[in-house]
Amino acid sequence: MNFIDEIKKIKKKKNATILAHYYQVPEIQDIADFVGDSLELSKIASNTDAKLIIFCGVRFMAETAKILSGIGATTNPMIIMAIIMITAGFGYKISSVPFHFWTPDVYEGSPIPVTAFLAVTSSAAGFSIMIRFFATTFLKSTTIK
C-alpha cells in the first residue's frame, strides 16, 4: 500500500478533510480535498462537517478558521495584535475616540466647504470599508458582495 492510499484510508476512518494552500507542493495538493488561498480555505473549514481538519499551510490559516467557525477565541498573540491594529486603523480613519483629537490638525487652514467634503466622504468611506471588512472576516455567511 502506498502513502496516498494509506492517507485516504485514515482520512475516511477519522472523518477528516485536507485543505492545502496554493503554494504547497503538487503531491500535497493532489491528496487535498480543497486547494485555495488562506481566506477561502478558512471559510471552507468553517462550513465543513468533518470532525478533523488538516491544514497544509501556515498556523494563521488554522487560527482564522477557528475564529470563523466560532469554535472559540484565538490565543495567538499575533492574531490578537493584528485585530487591535486593524481596529485602530479604522478608528483613525473615521475619527472615532480617541483619534478625534488629531482630526482638527488635518483640516487647519482649509476652506470650510473643502473641510466638510473631506470629513464626510472619508468618514463614510471608512465606515463602509470597516463594515465590509468585519462582515467578510467574522460573519459566517454574508450577503455583502
Discussion item. Can you list residue pairs whose Cβ atoms sit under 8 Å apart, with the first residue in segment 84-96 being closer than 17 Å to THR137 by Cβ and open to solvent by 40 Å² or more (accessible area, probe 1.4 Å) and the second being of a type in the set (Phe, Trp, Tyr) and in a helix (DSSP H, G or I)? Count only pairs 6 or more apart in sequence or on different chains.
Written reply: ILE86/PHE133
Discussion item. Looking at (1) at pLDDT 80 or above; (2) open to solvent by 70 Å² or more (accessible area, probe 1.4 Å); (3) part of a loop (DSSP other than H, G, I, E, B), which one does ILE71 not meet, given that it meets all the others?
Written reply: (1)
Practice prompt. Could you look through segment 132-145, keep only residues that are open to solvent by less than 100 Å² (accessible area, probe 1.4 Å) and not in a loop (DSSP other than H, G, I, E, B), and pick out the one that is modelled with the highest pLDDT?
Written response: PHE133
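The values are calculated or read from the model by the stated rules, or taken from the named source; none is laboratory data. Everything quoted here is computed from the prediction, not taken from an experiment. Don't worry about glycine lacking a Cβ; one is built from the backbone with ideal geometry, like all the others, and counts go over all protein chains shown. Quick note on the areas: whole protein, heavy atoms, side chains included, nothing else; ligands and nucleic acids left out. Shrake-Rupley method; radii C 1.70, N 1.55, O 1.52, S 1.80 Å.
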